[in-house]
Protein chains: 2
Amino acid sequence: MLEGLRIVEISSFVAAPLGGMTLAQLGAEVVRVDPVGGAADLGRWPLAPSGASLLWTGMNKGKKSVTVDFRSPEGREVVTRLAADAGIVLTNAVGRDWLTHEALSAVRPDLIHLQIEGRHDGTPAVDYTVNAELGFPLVTGPADHAAPVNHVLPAWDVACGLYAAVGLLAAERRRSRTGEGARIRLPLHDVALATAGNLGFLAEAQLGGRRPRIGNHLYGGFARDFTLADDTRIMVVALTGRHFADLCRVTGHTGTVAELARLLNADFAADGDRYRHREALAALFAPWFAGRALPDVEREFTGTSVLWAPYRRFHEIDLTGNPMLGEIDQPGVGRLRAPASPLDTGDRAARRAPVPAPRLGEHTDAVLTRLGLDAGSLRAKGVVA
Amino acid sequence: MLEGLRIVEISSFVAAPLGGMTLAQLGAEVVRVDPVGGAADLGRWPLAPSGASLLWTGMNKGKKSVTVDFRSPEGREVVTRLAADAGIVLTNAVGRDWLTHEALSAVRPDLIHLQIEGRHDGTPAVDYTVNAELGFPLVTGPADHAAPVNHVLPAWDVACGLYAAVGLLAAERRRSRTGEGARIRLPLHDVALATAGNLGFLAEAQLGGRRPRIGNHLYGGFARDFTLADDTRIMVVALTGRHFADLCRVTGHTGTVAELARLLNADFAADGDRYRHREALAALFAPWFAGRALPDVEREFTGTSVLWAPYRRFHEIDLTGNPMLGEIDQPGVGRLRAPASPLDTGDRAARRAPVPAPRLGEHTDAVLTRLGLDAGSLRAKGVVA
C-alpha cells in the first residue's frame, strides 16, 4: 500500500528498526544506513547457530542496507544526501549533530524527521529501565512474590516502533496536502507513560487506587490459569457474563455458582463480583480441570463462548496453515519461517510475502549509484563499504 | 496532523478503541458508535470511585460518541450511513453481517474497512489467551518458578491497536492516490506471532534454541535488578561494552572484572560473555549496591553511560514537568491527569493537549444532524439514544 514512500533509517536495536520495518512490509522503500561494520545491534541475541543475530535479521526484513563511515565528513555528506533525497528520516541515534532535524532540514526544508529518544528531557532510557519505572514489574507474578518481575517481551520498544510508523504516515499525509515537513520527537518513556495512562493505570493511582499483585488472575474480571489431568496448563478467560455463564454450564456448576451468589449476595453477571470472588470461583472450577486432559477440555469447550488456550513454549507454537507466515532464505542464517505484516490487506493473492533482511551493506552501491554518486570511488576512499 | 480524516469506530475493550484514539489524538475525527446502553467495555476495570470505567475513558479520549439501537433495521441503517459518510471503518465487532466490508462497501465502494479479529481463521482470541499460546509466560518470572507468569500490560492489544492505526493510514494514503478502498483484516494472534517472529523468538526456536527462564536478567546481555541499602530495588542495564565498562569503573571493579575475564577466558566487551557469566558478574556487583542508598547510587551513576532506574509503583511514577501530560475534566470522573499522544510534533505551542472522553451518546444528535438525519424523531422512536 505504501508504494513510493521512501524512508532513510539510522537505527539500532528494536524500536526504530521496527518502525521502519512496519512500513517496509507495507511497500515503503526503507534504507537502513549503518556505520561501516554495523551498529550496536549487529550481534544482538538471539543468535543463529551461524552466529548471525536473529534480532537483527528479524528487525530489518525487506529493507535496503547501506554502510557509510559516519566519522568522515564525506560519509556524513553521503548520509545527508540520502536523507534529503528520501525526505523522511527515522532515527534513534542521539548525540549526532549532523543527523538532527535542524541539520537535515537545512538541506531539505520539507523533511519529515522522527527522533526516538529515551525521555522527553533528552536523557537516555531503554525498555528495561522504562518498564521498571512504570509500575508493571511490581504487580506481575505470583501474589506472594515480593521482588519485581521484568517482562521478556520488550513491549515498550514494540509500541514505540509502531507509534513511529504512525507518526511518519501522519506527517507524510500532512506534507502531501500542505507541503509542510515535520519534526517529531518520540520518547520511549512517554510511549510507556501514555499507554499506562490510556489503560487507566495512572488515573486509578491518582484517584487513590492501589493495584494489587494477583498472580495470573485478570484484574476486574474472571480469568486464570488451571492445571489439567495431563499437567497441561491452560488460560481460561470469561470477559463477559455470557462467557462466565458458559464456563459454569460446561463445568456443571451453574447451580453451585447461583447458590454461591445467593450466599455471598453477589451478582456474577457483573465483572466486579466475578473478580472479588475469584478465589472461591477458581477453587470451585479447579477440580473439573484437574480431572480432564487437554483433548477432553477442548471437546467440552468447543461451541461455547469460553475463551481459553494452552500455555506453549516458543517451539510448541502452532504455526500450521497461517497465511501470514512464509519461508525465506535469510543470508547468513539459512531457510527460515518468517512473518509478513499482520495487516492482511484482503486480497490473498496480493498479500505481501515476507522478504529477508539484507546483508549488511548489500545495497550500498545500488543506492549510491541511483543518487548519482560514484560508489566505486567512495568505496576506494573508505567512505562507504 | 490528521485534520480531515474521518473514522467510524464500532469497538470494545482495548485494541480497536486504542487504534481510533491514536488517530484522534493526532487530529482525526473519530466517531465511536455504540449500542444503546454501551458496549461490553463500558464497566471495564479499573473504576473511578464514581464507578465510571477508567479503561473506557482512557481509551476514548477525544472521540465523539454516538449510540444507536443495533438491533433495529433503522438503527443499522444509521450506522451504515455514518460509515459510508466517513469512508473509514475500524471495528472489532464480529458476527454482524451488516458491519462487514462486504455489506458496507456496497454503499461506499472506496470504503476502507479494518476488522480486528482473534485469529486468522476467524476463531476468537483475546490478549490473555494469545499471550499464553505465544510462549512468553513460561520464560517470565523467577528462574525457579515452574508455573506460567501472565503479563499485566495487555501488550498484544496495545500492539494490535497501533497496527490498526498504521493500517488505516496506509490504506488512506493509497486511496488518496488511486481511489481504491481496502479490506484489511488484523488478527490479534497474528500481531503477537509477527512480533515474536520479528524479535527472533520464532527463528531461535525453529533453529533448535530453547529460551531459558532467567528471572530479571536480560537474555544475551548484562542487565539485572539490584537491591540497595535502603531496600530500593533498581534495574541496571549494560547494553554495550561501553555501558559495562562504566558499570565496572563506578563500582570499583574494573580490575576484578579484568582478572575474572582472564580466569574464565572471557571477553566482557562481547554481549555473549557478559550474559554467560551474568551470575558471577552480578554477585561481584551486588555488595556495592547493597552498601548504598538511592541518592548515593544516583550521584555515582550521574555522568556515566550506565542505564538504570528504580522500580516504582503506579502511584510513585514521576510525572513532574512532562509536557505530554495535561489536566482534563473527565465527565463522570472529575479532574484527571491524562496523556496526549507521545508523538511530539515539535512545535510546543501547537502540541495537541489531552481531550477528555465523551459521555456515552454525547454526540448522537450533533453527528446525526450533520448527516441530515432527524435526530429528534429517531430518538423518539428509540432508534438512537
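The values are calculated or read from the model by the stated rules, or taken from the named source; none is laboratory data. This is a predicted model, so every value here is computed, not measured. FYI the Cβ positions are ideal-geometry reconstructions off the backbone, even for glycines, and counts take in every protein chain you see. Please note that ligands, DNA and RNA were not included when accessible areas were found on the heavy atoms of the full protein model with its side chains. Shrake-Rupley method; radii C 1.70, N 1.55, O 1.52, S 1.80 Å.
What to note about this one:
- Test for A:PRO148: is it open to solvent by less than 10 Å² (accessible area, probe 1.4 Å), part of a loop (DSSP other than H, G, I, E, B) and either of a type in the set (A, V, I, L, M) or at pLDDT 95 or above (or both): yes
- Boolean, B:GLY291 is surrounded by 16 or more Cβ atoms within 10 Å (Cβ to Cβ) and more than 8 Å from every other protein chain (Cβ to nearest Cβ): no
- Criterion: free of Cβ contacts under 8 Å to residues at least 40 places away in the same chain and either over 25 Å from A:HIS189 (Cα atoms) or assigned to a loop (DSSP other than H, G, I, E, B) (or both) - qualifying residue of B:ARG262, B:ARG249, B:ARG274: B:ARG262
- Qualifying residue in region A:98-118 (condition: open to solvent by less than 30 Å² (accessible area, probe 1.4 Å) and of a type in the set (Asp, Glu)): yes
- Residues satisfying the stated conditions in region B:257-296, i.e. farther than 20 Å from B:GLY221 by Cβ and of a type outside the set (Lys, Arg): B:GLU259, B:LEU263, B:PRO287, B:ALA290, B:GLY291, B:ALA293, B:LEU294, B:PRO295, B:ASP296
- Residues that are open to solvent by 60 Å² or more (accessible area, probe 1.4 Å), modelled with pLDDT of 95 or more and under 25 Å from A:LEU47 (Cα atoms), drawn from region B:243-276: B:ARG262, B:LEU264, B:ASN265, B:ASP267, B:ARG276
- Residues of region A:98-127 that are among the β-branched types (Val, Ile, Thr) and more than 14 Å from chain B (Cβ to nearest Cβ): A:VAL107 alone.
- The set of residues from region A:200-236 being in contact with a helix residue (DSSP H, G or I) (Cβ under 9 Å, 6 or more places away or on another chain), within 17 Å of B:ASN150 (Cα to Cα) and assigned to a loop (DSSP other than H, G, I, E, B) comprises A:ARG211, A:PRO212, A:ARG213, A:ILE214, A:ASN216, A:HIS217, A:LEU218, A:TYR219, A:GLY220, A:GLY221, A:THR232.
- Taking the listed residues B:LEU360, B:LEU336, the one that is more than 22 Å from B:LEU2 (Cα to Cα), modelled with pLDDT of 95 or more and in a loop (DSSP other than H, G, I, E, B) is B:LEU360, with no other qualifying.
- Exactly one residue out of B:ALA159, B:ALA146, B:ALA238 is aliphatic (A, V, I, L, M) and in the same structural domain as B:ARG274 (by TED's automatic domain parsing), and it is B:ALA238.
- B:LEU188 vs. criteria at pLDDT 95 or above and under 23 Å from A:GLU316 (Cβ atoms): yes
- Checking every residue in region B:131-140 against the condition of being more than 7 Å from every other protein chain (Cβ to nearest Cβ), more than 19 Å from B:GLY20 (Cα to Cα) and in a helix (DSSP H, G or I) gives at least one match.
Yes/no per residue for (1) more than 7 Å from every other protein chain (Cβ to nearest Cβ); (2) open to solvent by 10 Å² or more (accessible area, probe 1.4 Å); (3) over 24 Å from the mean Cα position of the chain (by Cα); (4) over 30 Å from B:PHE289 (Cα atoms):
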position: B:ARG175; (1), (2), (3), (4): yes, yes, yes, yes
position: B:LEU186; (1), (2), (3), (4): no, no, no, yes
position: B:LEU193; (1), (2), (3), (4): no, no, no, yes
position: B:GLY200; (1), (2), (3), (4): no, no, no, yes
position: B:ARG211; (1), (2), (3), (4): no, yes, yes, no
position: B:ASN216; (1), (2), (3), (4): no, yes, no, no
position: B:ARG224; (1), (2), (3), (4): yes, yes, yes, no
position: B:ALA229; (1), (2), (3), (4): yes, yes, yes, no
position: B:THR232; (1), (2), (3), (4): yes, yes, yes, no
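- When the residues of region A:307-333 are filtered to those that are part of a loop (DSSP other than H, G, I, E, B), open to solvent by 60 Å² or more (accessible area, probe 1.4 Å) and more than 7 Å from chain B (Cβ to nearest Cβ), the one that is farthest from B:ALA171 (Cα to Cα) is A:ASP318.
- Single match in B:THR345, B:THR369, B:THR364, B:THR304 (criterion: surrounded by fewer than 16 Cβ atoms within 10 Å (Cβ to Cβ) and under 30 Å from B:LEU54 (Cα atoms)): B:THR369
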